[in-house]
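Enquirer: Next up is a structure, given as structure tokens.
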């Protein structure tokens, strides 16, 4: 495409600021890209109405751009970009100016819209949840280099590097050393002790330094020792109530930084119930299948 003039490339863009023309009506904003095409008035109107139906704003064509809410402006910017049926649509943080509830709603609508029109969306975002919600594939970039390209589930559940694991969601890291004994394998760690592992999980040789990584929600928290070898004792250092979930920070022997744990709030207790648990002894347990093994730094 580098040899093709920009106005001839089958690419369109939705800007972060929407760039809606305030002096034009909704219909004229949507039809802005059609100005160079010699279309009959009826055909032009038909295409505009089709776009308004697509973005769920039928009958808004004669409204002024200044009469629109933020979410409506975002939809108009989408319709203006889609009316020419580009092969690729670039979206530059288009939801950044919306509040949380509207942003989450628009994420689902964008996903449904992409499936409906069948156009490739290249979506630039710094919001991890937004990337996980919208994408078929995600590229994590740092310093101009692509660190990993994968499905949302692949990036979150099986990151390839510590940088990717740290960037996508929260992660607890435990430095360790591989120990092999025939068909058995384990990792000696700081904090979790010796962690038995499935031999298929470990490709590193005996004595190799590794990092064990566990997501906060992969831990189970209980006041009594669970019936599993994958458990360690600790003490609650801090707790935070986030509505649907609670976050705990648990100190364990052998590890300086506390372990982050996330649990759903399945019963009423609220912030006061959490504060009563600060300083309480607890047990942490996990499934060996939840452990990710990374190369040591």
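Enquirer: Is it the case that the stretch 14-35 has a residue that's under 21 Å from residue 87 (Cβ atoms), in a strand (DSSP E or B) and either over 34 Å from the mean Cα position of the chain (by Cα) or touching a residue at least 60 places away in the same chain (Cβ under 8 Å) (or both)?
Expert: yes
Enquirer: A follow-up question, please. Look at residue 34 and say whether it is touching a helix residue (DSSP H, G or I) at 6+ places or on another chain (Cβ under 9 Å), over 17 Å from residue 74 (Cα atoms), in the same structural domain as residue 116 (by TED's automatic domain parsing) and surrounded by 14 or more Cβ atoms within 10 Å (Cβ to Cβ). Talk me through it step by step, then tell me what you get.
Expert: Details: touching a helix residue (DSSP H, G or I) at 6+ places or on another chain (Cβ under 9 Å): yes; over 17 Å from residue 74 (Cα atoms): yes; in the same structural domain as residue 116 (by TED's automatic domain parsing): yes; surrounded by 14 or more Cβ atoms within 10 Å (Cβ to Cβ): yes.
Taking the combined requirement at face value, the residue satisfies it.
Enquirer: Just to verify a result, which residue in the stretch 125-157, among those that are at pLDDT below 90, within 29 Å of residue 84 (Cα to Cα) and outside any helix (DSSP H, G or I), is nearest to the chain's Cα centre (by Cα)?
Expert: So the residue we want is 127.
Enquirer: Being modelled with pLDDT under 90, farther than 23 Å from residue 162 by Cα and assigned to a strand (DSSP E or B) is true for just one of 221, 274. Which residue is that? First the steps, then the outcome.
Expert: Details: 274 fails: assigned to a strand (DSSP E or B).
Within the list 221, 274, the selection yields 221.
Enquirer: So, one more: Applying the selection to the stretch 176-191, what residues are part of a loop (DSSP other than H, G, I, E, B) and either modelled with pLDDT of 90 or more or out of contact with any strand residue (DSSP E or B) (no Cβ under 8 Å at 6 or more places or on another chain) (or both)? Show your work before the answer.
Expert: Let us first name the residues in the stretch 176-191 that are part of a loop (DSSP other than H, G, I, E, B), namely 182-183, 190-191.
Passing the criteria: 182, 183.
Enquirer: Of (1) at pLDDT below 90; (2) at positive phi, residue 59 satisfies all except one. Which?
Expert: (1)
Enquirer: Can residue 79 be described as crowded, with 17+ Cβ neighbours inside 10 Å and in contact (Cβ under 8 Å) with a residue 24 or more places away in the chain? Write out each step before concluding.
Expert: Numbers: crowded, with 17+ Cβ neighbours inside 10 Å: yes; in contact (Cβ under 8 Å) with a residue 24 or more places away in the chain: yes.
Taking the combined requirement at face value, the residue satisfies it.
Enquirer: For the stretch 195-216, which residues satisfy the criterion of being surrounded by fewer than 16 Cβ atoms within 10 Å (Cβ to Cβ) and either within 14 Å of residue 286 (Cβ to Cβ) or at pLDDT below 80 (or both)? Spell out the reasoning first.
Expert: From the stretch 195-216, those surrounded by fewer than 16 Cβ atoms within 10 Å (Cβ to Cβ) are 196, 198-201, 203, 205-207, 209; that's our starting set.
Hits for the stretch 195-216 are 196, 198, 199, 200, 201.
Enquirer: Further, regarding this structure: Just wondering, is there one or more residues in the stretch 45-54 that are under 23 Å from residue 104 (Cα atoms), at pLDDT below 90 and in the same structural domain as residue 112 (by TED's automatic domain parsing)? Even if it seems obvious, please write down each step before you answer.
Expert: Pass one, the stretch 45-54, residues under 23 Å from residue 104 (Cα atoms): 51-54.
From what is left, the residues that are at pLDDT below 90 are 54.
From what's left, in the same structural domain as residue 112 (by TED's automatic domain parsing): 54.
For the stretch 45-54, residues under 23 Å from residue 104 (Cα atoms), at pLDDT below 90 and in the same structural domain as residue 112 (by TED's automatic domain parsing): present.
Enquirer: Turning to a different aspect of this structure: Among (1) surrounded by 18 or more Cβ atoms within 10 Å (Cβ to Cβ); (2) out of contact with any strand residue (DSSP E or B) (no Cβ under 9 Å at 6 or more places or on another chain), where does residue 173 come up short?
Expert: Residue 173 satisfies all of (1) surrounded by 18 or more Cβ atoms within 10 Å (Cβ to Cβ); (2) out of contact with any strand residue (DSSP E or B) (no Cβ under 9 Å at 6 or more places or on another chain) except (2).
The values are calculated or read from the model by the stated rules, or taken from the named source; none is laboratory data. Please read these numbers as outputs of a predicted model, since none were measured by experiment. Neighbour counts are summed over all protein chains in view; Cβ atoms, including those assigned to glycine, are modelled from backbone coordinates with ideal geometry.
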